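Below is one structure, written out as structure tokens; comments come after it.
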Amino acid sequence: MPANRSIILICFASALAFTSMADAEDWRQFRGDDLSGLSPKPLPTEISGDTIQWEVDLPGRGLSAPIVVGDRVYLSASSGFDQDRLHLLCFDKQTGEEVFERQFWATGRTVSHPKMANATPTPCSDGKRIFATFSSNDVICIDLDGNLQWFRGMNYDYPNATNSLGMSSSPVVVDDTLIVQVESDADSFAFGLDVANGKTRWQKERPRKANWTSPTVVTKPEPLVLLQSASGIEAVKPKSGDTIWKYESGASTIPSSLVQDDILYIPSNGITAVSLTSGNGEEIWNVRRLSPSTPSPILANGMLITVSNVKIAAANPEDGEVLWESRVSGPFSASPIAAGKYLYLFNEKGLAQVVEITKEEGKVVSDYDFGEIILGTPAASDGAIFVRSDEHLWKIGK
Amino acid sequence: MQALTRLNFSIALFLSGILAFSTSLTFADLQEDLKILTDVDHRAAGNIEAQAAYASLVKNDRDALPQILKAMNGANPLAENYLRSAFEVIVADGEGDLPMGQLAAYLQDQENNQKARSMVFELLKHKTPAKADKMLDGMLKDSSAEIRYQAVQKVIDRAKKLDAGEQKKEAYLTALSGASEEGQVKAISDALKEMDVEVDLQKHFGLLTDWKIIGPFDNKEMKAFDIAYPPEEELDFGASYEGMEGPVQWQTITTDDPMGAVDIAKSIGPYKGAVMYMYSEYDSPSEQDVYFRMATANAWKLWVNGELVFAREEYHRGMRWDQYRVPVSLKEGKNEILFKILQNEQTQPWAQDYKIQMRVCDQSGQGLLPRTSYDPNK
């Protein structure tokens with residue numbers, strides 16, 4: 001083959017690959033790129049055995065969610081009788097074929113409540129790297145092809161920054177900084193780590209209280225990371241850790257806050273809505289009846305939705321007025337995701353429920369029993385749902 | 001012709017010189033990369049250098065694998081992970097054959113890094129499953145907890161299939177001789193119990209069951225974590241001190257719980273907002289590095305031979321087997337153990353535990369018995 005034709009073909013193939021990457025819809029962290037839990041594209045409104053496009057076996061347990069970067073799905077897992085083997089897995093999004101698996105050893109405490117696993121926090125990505133944290137407070141950065149970039153052992157560095165029930169806070173990456181909350185009854189810290197090498201840009205003392213929540217992010221007018229704890233919310237600059245404002249009326253230590261349309265919805269005394277435009281965390285409304293259990297709230301089809309053990313509640317996001325409550329089959333550990341007027345719930349027994357949400361009601365329109373415990377929040381990409389149990393990862397599509 | 005041969009010989013000599021130089025350079029590069037990776041340390045020390053060294057290391061052929069394994073011996077837990085990852089990448093993508101003989105030799109030497117040995121065993125299982133399975137027969141006492149777990153499980157699985165009788169009993173006793181993981185030991189113990197064989201779990205796990213205890217001292221509002229009451233200042237077992245509810249003296253507490261839990265709430269009193277001090281001794285047959293593995297839902301401090309080895313201020317986040325693992329260096333002979341255990345004032349039913357379970361074991365979790373048992377009444 002003439003050399004110039006080879007070059008043309010390579011360019012064409014590269015262009016195709018680039019186009020494919022560019023078109024692929026990423027879901028780079030817990031509750032998606034913008035932490036809203038919303039899929040921009042419609043998801044299957046019916047879930048059945050026929051809509052499972054692939055299923056892969058997993059080598060370990062986990063409550064972490066899959067994330068999607070380009071044409072690949074990344075997932076963490078943990079195994080071993082001590083839960084001390086850490087797995088980072090990468091699968092082809094289209095076929096489910098394993099691209100690579102990397103294993104590491106935990107450097108911190110692996111003990112947890114039996115329901116939890118070491119692989120509880122969801123990894124995140126800046127599009128070039130994957131950052132995975134574990135209950136043992138190990139922080140691992142690999143590139144998209146699985147090459148180790150750096151490794152931190154936050155429990156190895158701070159032996160008392162642990163929780164005997166397990167840690168679950170999922171990291172976020174903002175402004176080239178990985179934000180990691182390592183908060184417990186004993187030592188309690190938040191860290192801003194340089195994504196390039198894992199070095200500590202900043203470290204903050206945090207309330208000494210067990211905390212399982214994940215940070216959320218405000219993007220306007222400047223990026224701020226919102227650190228939640230039993231004390232409330234602390235808004236910090238991602239690169240410096242400087243505190244810009246605080247909400248000090250307390251917050252839940254399990255479900256995480258939601259930012260949508262310049263309003264912060266905090267699981268605090270039910271749900272408390274706080275203005276992000278006032279600059280000082282001014283409260284807009286509070287409704288105790290909207291108290292979520294483990295799942296974080298979501299704003300879907302113009303309604304704020306909270307999920308408790310056996311019901312979902314919908315509220316007007318402007319004033320908190322409860323529009324309706326609807327019974328569903330729980331209990332839930334996974335946070336919901338949504339697309340358009342459909343809400344996707346996976347209960348702990350492995351029952352997937354598609355709920356059509358209107359201003360009048362929430363109605364289960366489809367359900368499917370996966371027959372395995374599901375505790376991890378699903379991910380969505382290009383019209384497909386990715387969800388995991390301890391044994392399997394599934395892709396659900398049309 | 002002769003001149004031509006001489007020329008060929010000279011060229012060959014020259015080329016082999018280049019080859020030797022290049023090989024030694026490669027070997028030097030490999031050693032330099034390994035050195036950089038084993039130098040990574042707390043708080044991201046060496047991370048930047050390690051990134052380049054890792055990228056260089058993974059380009060090696062598979063014949064570099066034994067060198068990587070060798071570097072794991074003595075490496076800290078962070079370095080172990082860099083090296084493990086490089087090992088995996090080279091196994092997956094490197095050129096050349098796997099040096100199976102050298103890998104097997106590394107596995108056989110129990111002085112090598114236990115985690116690395118386990119990793120090598122996993123690789124052998126993947127490549128030669130039948131051979132690896134046969135190897136397990138000789139690994140019941142292996143110093144790697146993971147390998148031993150598999151060897152024990154193989155014997156348990158075999159025992160399950162046997163008909164009741166002496167052979168079955170012997171098989172379970174064989175499994176017990178290597179077992180250290182809680183679930184396996186309990187399964188074996190339950191099976192043996194059905195055959196009228198009682199397993200002394202306290203001894204098997206190396207649990208500390210005999211203590212002196214004094215208290216309660218005041219811990220209202222959880223203020224006493226850093227208050228040093230008299231037992232932190234002196235160990236005078238005949239002394240009396242002012243406690244939370246009046247004078248307190250040292251007394252004896254022992255446990256007959258098979259899993260060695262010392263229940264203060266039941267044996268002494270369900271104190272709230274209280275501090276108790278416990279004392280025991282461990283007669284070590286030699287100077288040795290051990291682990292104190294313990295479980296408690298209460299806050300605590302642990303001193304060994306007067307040195308504070310760890311402190312933990314966490315209340316009621318559950319009590320789980322081997323919840324804490326504290327490395328301790330023991331001297332030969334008597335070692336003094338002082339334990340401060342604090343209860344808060346939570347009123348929920350699930351927050352009433354006031355107990356401790358403590359054992360002495362090796363790095364792999366195998367219980368280590370003292371030379372002589374401690375008698376708290378002496």
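The values are calculated or read from the model by the stated rules, or taken from the named source; none is laboratory data. Keep in mind it's a predicted model, so treat the numbers as computed, not measured. Here Cβ is always computed from backbone atoms with ideal geometry, including for glycine, and neighbour counts include all displayed protein chains. In case anyone asks, the SASA skips ligands and DNA or RNA and just uses the protein heavy atoms, side chains included. Shrake-Rupley method; radii C 1.70, N 1.55, O 1.52, S 1.80 Å.
On the accessible surface of the protein assembly as shown, probed at 1.4 Å, how many percent belong to carbon and sulfur atoms?
Values: 16260 of 32200 Å².
Percent of accessible area from carbon and sulfur atoms in the protein assembly as shown: 50.
With +1 on each Lys and Arg Cβ and -1 on each Asp and Glu Cβ, and nothing else charged, work out how big the dipole of the protein assembly as shown is about its Cα centre, in Debye to the nearest 20. Kindly include the intermediate steps, with their values, before the conclusion.
Numbers: 77 positive and 108 negative charges, 138 e Å.
I would put it at about 660 debye.
Do any trypsin sites (Lys or Arg not before Pro) in the stretch B:108-193 lie in a DSSP loop with no more than 14 other beta carbon atoms within 10 Å, and if so, which?
Working: sites: B:LYS115, B:ARG117, B:LYS125, B:LYS127, B:LYS131, B:LYS134, B:LYS141, B:ARG148, B:LYS154, B:ARG158, B:LYS160, B:LYS161, B:LYS168, B:LYS169, B:LYS186, B:LYS193; in loops: B:LYS141.
Sites meeting the loop and neighbour criteria: B:LYS141.
Put a dot 7 Å past each Cα toward the Cβ at B:ASP283 and A:SER278; how far apart are the dots in nm?
In this crude spin-label approximation the distance works out to 7.1 nm.
Pairs of alpha-carbon atoms within less than 8 angstrom and 6+ residues apart define the contacts here; what relative contact order does chain A have, in percent?
On the way: 1134 pairs, mean separation 60.3, N = 398.
Here the relative contact order equals 15 percent.
Roughly how crowded by other chains is peptide A:257-269, in terms of the mean Cβ count from those chains within 10 Å of each of its Cβ atoms? Write down the numbers at each step before the final one.
Details: counts 0, 0, 0, 0, 0, 0, 0, 0, 0, 0, 0, 0, 0.
If you average over the peptide's residues, the count of other-chain Cβ atoms is 0.
Under unit Cβ charges (Lys, Arg +1; Asp, Glu -1), what dipole magnitude, rounded to 20 debye, does the stretch B:145-199 have relative to its Cα centre? All intermediate terms of the calculation are to be shown ahead of the outcome.
Numbers: 9 positive and 11 negative charges, 42 e Å.
Rounded to the nearest 20 debye, it is 200 debye.
Helix-only estimate, please: 222 nm mean residue ellipticity of the protein assembly as shown, summing -39500 (n - 2.57) across DSSP H runs of length 4 or more and dividing by its residues, to the nearest 500.
Working: 15 runs with 184 residues, N = 776.
Helices in the protein assembly as shown give a 222 nm mean residue ellipticity of -7500 deg cm²/dmol.
When the accessible area of each residue in the stretch A:138-168 is compared between its chain alone and the complete protein assembly (1.4 Å probe; ligands, DNA and RNA ignored), which residues differ by at least 50 Å², being lower in the assembly?
Those are A:LEU148, A:PHE151, A:TYR156, A:ASP157, A:ASN160, A:SER164, which lose 50 Å² or more relative to the chain on its own.
Estimate for me the total accessible surface buried between chains A and B (protein heavy atoms, probe 1.4 Å, no ligands or nucleic acids), in Å² to the nearest 100.
Values: alone 15820 and 20120 Å², together 32200 Å².
Heavy-atom accessible area buried at this interface is about 3700 Å².
Could you give the length gained by full extension between B:GLN363 and B:GLU166, i.e. 0.36 nm per residue of separation minus their alpha carbon distance, to one decimal place? Intermediate values should be presented prior to the final figure.
Details: separation 197, 0.36 × 197 = 70.92 nm, distance 3.30 nm.
Gain in length upon complete extension: 67.6 nm.
Apply the membrane-span-like helix rule to chain B: whole DSSP H runs, Cα extent along the own long axis of at least 18 Å, mean Kyte-Doolittle hydropathy at least -0.5. List the helices found.
Numbers: long enough: B:2-38 (53 Å, 0.82); B:77-93 (24 Å, 0.38); B:114-127 (20 Å, -0.64); B:145-161 (24 Å, -0.78); B:166-178 (19 Å, -0.79).
Qualifying helices, which must be both long enough and hydrophobic enough, are B:2-38, B:77-93.
Roughly how big is chain A's charge dipole about its Cα centre, with Cβ charges of +1 (Lys, Arg) and -1 (Asp, Glu), in debye to the nearest 20? If you can, show how the numbers build up before the last one.
On the way: 35 positive and 50 negative charges, 92 e Å.
That gives a dipole near 440 debye.
Restrict the search to the stretch A:310-398; then list the GluC sites (Glu not before Pro) that DSSP places in a loop and that have at most 13 other Cβ atoms within 10 Å of their Cβ.
Working: sites: A:GLU318, A:GLU321, A:GLU325, A:GLU348, A:GLU356, A:GLU360, A:GLU361, A:GLU372, A:GLU391; in loops: A:GLU318, A:GLU321, A:GLU348, A:GLU360, A:GLU361, A:GLU372, A:GLU391.
For GluC sites (Glu not before Pro) across the stretch A:310-398 that sit outside H, G, I, E and B with at most 13 neighbouring Cβ atoms in 10 Å, the list reads A:GLU318, A:GLU321, A:GLU360, A:GLU361, A:GLU372.
Could you compute how much accessible surface A:HIS113 exposes when probed at 1.4 Å, giving the result in Å² to the nearest 10?
Only protein atoms counted, so the area is about 80 Å².
Straight-line reach from B:LYS134: which lysines fall under 28 Å, measuring Cα to Cα and dropping same-chain residues less than 8 apart?
Correct list for B:LYS134: B:LYS70, B:LYS115, B:LYS125, B:LYS154, B:LYS160, B:LYS161, B:LYS168, B:LYS169, B:LYS186.
Taking the Cα centre of the stretch A:26-396 as the origin and placing charges on Cβ (Lys, Arg +1; Asp, Glu -1), which of A:GLY330, A:GLY371, A:SER214 is farthest toward the positive end of the dipole?
Most positive-ward Cα: A:SER214.
Using label points projected 7 Å from each Cα along Cα→Cβ, tell me how many nm separate B:ARG371 and B:ILE227, to one decimal.
Taking the simple label geometry, B:ARG371 and B:ILE227 are separated by 4.0 nm.
Which net charge results for the neighbourhood of B:GLY306, defined as the other residues with beta-carbon distances under 12 angstrom from its beta-carbon, given Lys and Arg at +1 and Asp and Glu at -1?
Values: positive: B:LYS331; negative: B:GLU232, B:GLU233, B:GLU234, B:GLU307, B:GLU336.
Within the 12 Å Cβ shell, the charges total -4.
Using a loss threshold of 10 Å², tell me which positions in the stretch B:303-332 are less accessible in the complex than in their chain alone. Probe radius 1.4 Å, ligands and nucleic acids ignored.
Going by heavy-atom accessible area, the residues of the stretch B:303-332 that drop by at least 10 Å² are B:PHE310, B:ALA311, B:ARG312, B:GLU313, B:GLU314, B:ARG317, B:ARG320, B:GLN323, B:TYR324, B:ARG325.
For chain B, what is the accessible area per residue in Å², given a 1.4 Å probe and the full set of protein chains? Before the final figure, lay out each step's value.
Numbers: 18210 Å² over 378 residues.
Value returned for chain B: 48 Å² of accessible area per residue.
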